[in-house]
Amino acid sequence: VAVLDAEYRYRLVNEVYVAISGLQRESLLGRTMGEILGEELFRDSIQARFDRCLTGETVSWQAWARHPVSGRRFVEVTYCPYRDPAGNVRGVVVTTRDSTRRQQLEEAQLFLLHCGNPASGEDFFRSLARYLAQHLEMNYVFIDRLLPGNLSAQTLAVFHHDEFEPNVAYTLGDTPCGQVVGQTVCCFAQG
């Protein structure tokens, strides 16, 4: 939760907002949303909605946004007019909910419902690897299956730097997976 004045300046922020911002409370108060969130993000995604709220309208929206500190997040935002005793709008109360994990799960469920569709032209595991890399911002994705005997594996999809690499078979003995396959409990020293 944050309270901003009509010039887009932070006047009050709660502890959660301070923690999410990655800044000290003193660094937030008195600064504008553009200074804190970035001028481009403010201009392109926030200012028009904020200005609507300054006319007295409650504005709610949700979107993927790139926050300067916490990275790509799915946020649910509500702007409520802050009024003085005479009823004049003097600022905006902003409530923000980070719904990133929920949104990622919903998108993944939708993906799983539709991927592997023969009409897509791409097999399920390649589609899944591409999806994970793009939507979860992963640099390297590989999907394997164990071969009989659990001593070796075959890659089903390897996606690295926006390209697929050839599938390979390999033994598990010299990999971290070799230490966990067939085990009921595995412990790794923290490094």
- Residue-wise, which Karplus ³J(HN,Hα) couplings in Hz belong to the range 133-138, taking 6.51 cos²θ - 1.76 cosθ + 1.60, θ = phi - 60°, and x for glycine or proline? 5, 7, 8, 10, 6, 9
- Message: Amide H of LEU156 versus every other amide H placed in the peptide plane: which residues, excluding those fewer than 5 positions away on the same chain, fall under 5 Å?
- Response: ILE143, ASP144, ARG145
- Starting from the alpha-carbon convex hull of the chain, give the projected area averaged over all orientations, in nm². 16.3
- Built amide H within the under 5 Å cut-off of ARG31, gap 5+: TYR10
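Distances longer than 24 Å among the Cα atoms of the range 1-90: what percent of all pairs is that?
Working: 596 of 4005 pairs.
Counting every Cα pair in the range 1-90, those more than 24 Å apart make up 15 percent.
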- Calculate how steeply helix 100-114 sits against the longest principal axis of the alpha-carbon atoms of the chain, using the helix alpha-carbon long axis, and give the answer as 0 to 90 degrees to the nearest 10. 50
- Inter-label distance for PHE164 and GLU106, nm, one decimal - labels placed 7 Å from Cα along Cα-to-Cβ: 3.0
- Message: Please list 3J(HN,Hα) in residue order for the range 149-165, calculated via the Karplus relation 6.51 cos²θ - 1.76 cosθ + 1.60 where θ = phi - 60°; whole Hz, with x for glycine and proline.
- Response: x, 6, 9, 9, 9, 10, 6, 9, 6, 10, 10, 9, 6, 6, 9, 8, 9
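Go through SER70, SER99, SER152 and list them by solvent-accessible area, largest first, probe radius 1.4 Å.
Values: SER70 50, SER99 10, SER152 30 Å².
Correct descending sequence by accessible area is SER70, SER152, SER99.
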- Query: If you place +1 on the Cβ of every Lys and Arg and -1 on the Cβ of every Asp and Glu, how big does the dipole about the Cα centre of the chain come out, in debye to the nearest 20?
  - Reply: 540
- Item | For the range 47-56, 3J(HN,Hα) per residue [Karplus equation, 6.51 cos²θ - 1.76 cosθ + 1.60, θ = phi - 60°, Hz, x = Gly/Pro] | 4, 4, 5, 4, 5, 4, 5, 5, 8, x
- Where only protein heavy atoms count, and the probe is 1.4 Å, what is the accessible area per residue for the chain in Å²? 64
- Under a Gaussian network model of the chain whose springs join Cα atoms within less than 10 Å, the largest fluctuation of ALA133, ALA153, ALA63 belongs to ALA153
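What is the calculated FRET efficiency for GLU35 to LEU156, with r their C-beta to C-beta distance and R₀ = 45 Å, to the nearest 0.05? Mind showing how you got there, number by number?
Values: r = 47 Å, r/R0 = 1.05.
Here the calculated transfer efficiency is 0.45.
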- What number, rounded to the nearest 500 deg cm²/dmol, is the helix-based mean residue ellipticity at 222 nm of the chain, given -39500 (n - 2.57) per DSSP H run of at least four residues and division by all its residues? -7500 deg cm²/dmol
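The values are calculated or read from the model by the stated rules, or taken from the named source; none is laboratory data. Predicted model, so just to flag it, every value in this text is computed and none were measured. Virtual Cβ from ideal backbone geometry, glycine too; neighbours counted across all protein chains shown. With ligands, DNA and RNA removed, areas are computed over all heavy atoms of the protein, side chains included. Shrake-Rupley method; radii C 1.70, N 1.55, O 1.52, S 1.80 Å.
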